[in-house]
Amino acid sequence: MAAPADSKPEREHRRRVLKGAAILSGVANSAVSCTIRNMHGNGAELVVPVEARIPEEFLLYVPADGIGYRATLRWRKLDRCGVQFSGTEPKPHWHYG
């Protein structure tokens, strides 16, 4: 039996994680340290310093994974923010991590 047309799509399960990461914006080769609290194939929830400026689009580099996730900021509340992934790419050569 098909789901009703007005039903919400099933959300992808988010795995709880605790990984260090860096928000790389390329603006003067800047990096903001953050922590990933949960993650799934399409996005993640991050903990960032309240005073940090987060660009609308950036590369989220996760050293433990060795992957840079192309990310778009979807929401922010105090020290938390949600991002959506649109692809991956290698770590920029200028980043020290």
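Provide L78, L59 in ascending order of the number of other Cβ atoms located within 10 Å of each residue's Cβ, fewest first.
Working: L78 8, L59 22.
Exposure proxy ranking, most exposed first: L78, L59.
Give, in nm to one decimal, the length gained when the segment between I67 and Q84 is fully stretched (0.36 nm per residue of separation minus the Cα-Cα distance).
Extra length available between I67 and Q84 comes to 4.6 nm.
Can I get the semi-axes of the range 15-89's equivalent ellipsoid? Compute them from the C-alpha gyration tensor as square roots of 5 times the eigenvalues, in angstrom, largest first.
Ellipsoid semi-axes (Å, largest first): 16, 15, 12.
Computed from the coordinates by the stated procedures, all read-outs in this text should not be read as laboratory data. Only a predicted model underlies this, so the values are computations on that prediction, with no experimental measurement involved. No Cβ is skipped: glycine too gets one built from the backbone with ideal geometry, and neighbour counts run over all protein chains shown.
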